[in-house]
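Right, one structure below, let's go through it.
The values are calculated or read from the model by the stated rules, or taken from the named source; none is laboratory data. Predicted model, so just to flag it, every value in this text is computed and none were measured. Here the Cβ positions follow ideal geometry from the backbone for every residue, glycine too, while neighbour counts run over all protein chains shown. With ligands, DNA and RNA removed, areas are computed over all heavy atoms of the protein, side chains included. Shrake-Rupley method; radii C 1.70, N 1.55, O 1.52, S 1.80 Å.
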Amino acid sequence: MAARAPGWLTARPIAHRGLHDRARGIVENMPSAIDAAIAANFAIEVDLQPTADNEAMVHHDYALGRLTQGTGELLSLTAAQLKQVGFKHTAERMMTLGDLCARVAGRVPLVLEVKSRFDGSRTLVRRMAEVLTSYSGPVAAMSFDPDQVMALRDLMPGLPRGIVAERHYTEGEWTRLPPEKTREMTGLRHAFRTQPHFVSYRVDDLPSPAPWIARNIFGCALITWTVRTPEQRARSARYADQMTFEGFIPE
C-alpha cells in the first residue's frame, strides 16, 4: 500500500456533504453547506458526478428528483443545464468542482468522492485533474470503485487517494455489479493495485479485519462514514482516526 495520508486529512471532523441542515434551508452539497462547514472549521466531503459535456458537478445522486425539480440522469445533461435546475428546499444551484474550489479557496480540506457507474470510464477523474491543477488547497479524493482509485493513482499520483468501503457487498445496489467486482472490493483485496493512502469505512462495520490491517500494518489513515449517533461516534473514536459526520455539531 501507499504511504499514509497527510495529517490534515484527519486533523478535524469531516462534514458529510457539507454542514447541511435542510430544516434551515441548508441543503447537502450546496454553497450554504460549504460556507457553514468553513465557518465551523470542518473539513468537507462532497460527491462528484460527470455531465454530458464532461464537467464535474457537486451532487450525490445519479439522477434528478430527490432534492431537485425535474427528472433525468446527470450524465445526460450538460453543466449549463444542471446549473438551471431548481431545488426543492433552497434557491441555490448546483456547483461545478471549479465553483467549489473557488468558494473554499484552501481554507479547509476537501475530500472528493468520485461517484462511479463501475463502467471503467475515467472522464470524471480526468476533469478533476484539470481543475485541481490550479488549486493549491488541501484536497483528497476517494471512491467505492477500485478502478476510479486506480485512475486517481495514474492521473494524479501526488493526490492523497482513498477507498470508500464496507464489510459486505451483498445488498441493494451492489447486487447489480458483476461478482468479480464485489469480490475484489470485499476485504480490500484490491489494495496492492490501488495503493490507497486512506480508507473511508462504514462505521457500523467496525471493528473489521481489513481496515484494521490497512491501518495498523500498512499505515493507512482510517476514516469512518457516516457518523450520526453517539454510539457511532464512540465506535469511530475507538477504531478510527477521524469521522465523517452528519446531523450534529462536533465539539
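Count, please, the residues in segment 235-251 that happen to be open to solvent by 30 Å² or more (accessible area, probe 1.4 Å), touching a strand residue (DSSP E or B) at 6+ places or on another chain (Cβ under 6 Å) and more than 17 Å from Asn216 (Cα to Cα). Please lay out each step first, then the result.
So the first thing to find is which residues in segment 235-251 are open to solvent by 30 Å² or more (accessible area, probe 1.4 Å), and the list is 235, 237-239, 241, 246-249, 251.
So of that shortlist, the ones also touching a strand residue (DSSP E or B) at 6+ places or on another chain (Cβ under 6 Å) come out as 241, 246.
Still in the list and also more than 17 Å from Asn216 (Cα to Cα): 246.
Within segment 235-251, residues that are open to solvent by 30 Å² or more (accessible area, probe 1.4 Å), touching a strand residue (DSSP E or B) at 6+ places or on another chain (Cβ under 6 Å) and more than 17 Å from Asn216 (Cα to Cα) number 1.
Restricting segment 5-47 to residues that are among the polar types (S, T, N, Q) and part of a loop (DSSP other than H, G, I, E, B), which is most open to solvent (accessible area, probe 1.4 Å)?
Of all residues in segment 5-47, those among the polar types (S, T, N, Q) come to 10, 29, 32, 41.
Next, from what is left, pick out any that are part of a loop (DSSP other than H, G, I, E, B): 29, 41.
Details: Asn29: 2, Asn41: 81 Å².
Applying the filter and picking the extreme gives Asn41.
Report, by residue number, each residue of segment 170-202 that is touching a strand residue (DSSP E or B) at 6+ places or on another chain (Cβ under 7 Å) and either open to solvent by 50 Å² or more (accessible area, probe 1.4 Å) or farther than 22 Å from Ala140 by Cα (or both).
Within segment 170-202, just Arg202 meets the criteria.
Any residue in segment 27-54 that is in contact (Cβ under 8 Å) with a residue 60 or more places away in the chain sitting within a Cβ distance under 9 Å of a residue that is open to solvent by 30 Å² or more (accessible area, probe 1.4 Å) and part of a strand (DSSP E or B)? List the pairs, counting only those 6 or more apart or interchain.
Short answer, once both residue conditions are applied: Val27/Asp21; Glu45/Trp225.
Against the conditions (1) buried (at least 17 other Cβ atoms within 10 Å of the Cβ); (2) of a type in the set (Lys, Arg); (3) at pLDDT 95 or above, where does Arg66 fall short? Just the number, please.
Unmet condition: (1).
Please find, among Glu246, Glu231, Glu173, the residue that is under 23 Å from Val46 (Cα atoms), modelled with pLDDT of 95 or more and charged (D, E, K, R). Before you say what the answer is, go through the steps one by one.
On the way: Glu231 fails: under 23 Å from Val46 (Cα atoms); Glu173 fails: modelled with pLDDT of 95 or more.
Exactly one of Glu246, Glu231, Glu173 is under 23 Å from Val46 (Cα atoms), modelled with pLDDT of 95 or more and charged (D, E, K, R), namely Glu246.
What are the residues in segment 208-234 that are surrounded by fewer than 22 Cβ atoms within 10 Å (Cβ to Cβ) and among the small types (Gly, Ala, Ser), if any?
Going through segment 208-234, the residues surrounded by fewer than 22 Cβ atoms within 10 Å (Cβ to Cβ) turn out to be 208-210, 212-213, 215-219, 226, 228-234.
Selection gives Ser208, Ala210, Gly219, Ala234.
Counting just the residues of segment 191-217 that are outside any helix (DSSP H, G or I) and under 21 Å from Gln148 (Cα atoms), which one comes out nearest to the chain's Cα centre (by Cα)? So that I can check it myself, show each step before the final result.
Within segment 191-217, the first condition is being outside any helix (DSSP H, G or I), and the residues that meet it are 195-202, 206-208, 217.
Now drop any that are not under 21 Å from Gln148 (Cα atoms), which leaves 195-202.
Details: Gln195: 17, Pro196: 14, His197: 14, Phe198: 12, Val199: 11, Ser200: 9, Tyr201: 11, Arg202: 13 Å.
Among those residues, the one meeting the criterion is Ser200.
Hey, among Ala140, Ala129, Ala91, which residue is in contact (Cβ under 8 Å) with a residue 12 or more places away in the chain and over 16 Å from Arg17 (Cβ atoms)?
Details: Ala140 fails: over 16 Å from Arg17 (Cβ atoms); Ala91 fails: in contact (Cβ under 8 Å) with a residue 12 or more places away in the chain.
Ala129 is the lone residue from the list that is in contact (Cβ under 8 Å) with a residue 12 or more places away in the chain and over 16 Å from Arg17 (Cβ atoms).
Sort through Val149, Val131 and tell me the only one that's touching a Gly at 6+ places or on another chain (Cβ under 9 Å), farther than 30 Å from Gln69 by Cα, part of a helix (DSSP H, G or I) and open to solvent by less than 70 Å² (accessible area, probe 1.4 Å).
Working: Val131 fails: farther than 30 Å from Gln69 by Cα.
After ruling out the rest, the residue left standing is Val149.
So which of Thr78, Thr51, Thr71, Thr90 is buried (at least 16 other Cβ atoms within 10 Å of the Cβ), within 27 Å of Asp119 (Cα to Cα) and of a type in the set (S, T, N, Q)?
Details: Thr78 fails: buried (at least 16 other Cβ atoms within 10 Å of the Cβ); Thr71 fails: buried (at least 16 other Cβ atoms within 10 Å of the Cβ); Thr90 fails: within 27 Å of Asp119 (Cα to Cα).
Only one candidate qualifies: Thr51.
Give me the residue from segment 218-237 that is touching a residue at least 24 places away in the same chain (Cβ under 8 Å) and more than 16 Å from Ala140 (Cβ to Cβ) and, out of that set, nearest to the chain's Cα centre (by Cα). Steps first, answer last, please.
From segment 218-237, those touching a residue at least 24 places away in the same chain (Cβ under 8 Å) are 218-227, 232, 235-236; that's our starting set.
Pick out the ones that are also more than 16 Å from Ala140 (Cβ to Cβ) and you get 218, 226-227, 232, 235-236.
Values: Phe218: 22, Thr226: 11, Val227: 14, Gln232: 19, Arg235: 21, Ser236: 18 Å.
Here the residue is Thr226.
Please count how many residues of segment 155-169 are open to solvent by less than 80 Å² (accessible area, probe 1.4 Å) and free of Cβ contacts under 8 Å to residues at least 12 places away in the same chain. Walk me through it before giving the result.
Restricting attention to segment 155-169, the residues satisfying the condition of being open to solvent by less than 80 Å² (accessible area, probe 1.4 Å) are 155-156, 158-166, 169.
Filter again for free of Cβ contacts under 8 Å to residues at least 12 places away in the same chain, leaving 158.
Matching residues across segment 155-169 total 1.
Would you say Gly137 is among the small types (Gly, Ala, Ser), open to solvent by less than 30 Å² (accessible area, probe 1.4 Å), part of a loop (DSSP other than H, G, I, E, B) and under 24 Å from Met57 (Cβ atoms)? Please lay out each step first, then the result.
Numbers: among the small types (Gly, Ala, Ser): yes; open to solvent by less than 30 Å² (accessible area, probe 1.4 Å): yes; part of a loop (DSSP other than H, G, I, E, B): yes; under 24 Å from Met57 (Cβ atoms): yes.
Considered against the rule, which asks whether it is among the small types (Gly, Ala, Ser), open to solvent by less than 30 Å² (accessible area, probe 1.4 Å), part of a loop (DSSP other than H, G, I, E, B) and under 24 Å from Met57 (Cβ atoms), Gly137 comes out as yes.
Answer with yes or no whether Asp205 is touching a strand residue (DSSP E or B) at 6+ places or on another chain (Cβ under 6 Å), surrounded by 13 or more Cβ atoms within 10 Å (Cβ to Cβ) and either of a type in the set (Asp, Glu) or touching a residue at least 60 places away in the same chain (Cβ under 8 Å) (or both). Give the derivation first.
Details: touching a strand residue (DSSP E or B) at 6+ places or on another chain (Cβ under 6 Å): no; surrounded by 13 or more Cβ atoms within 10 Å (Cβ to Cβ): yes; either of a type in the set (Asp, Glu) or touching a residue at least 60 places away in the same chain (Cβ under 8 Å) (or both): yes.
Answer is no for this residue.
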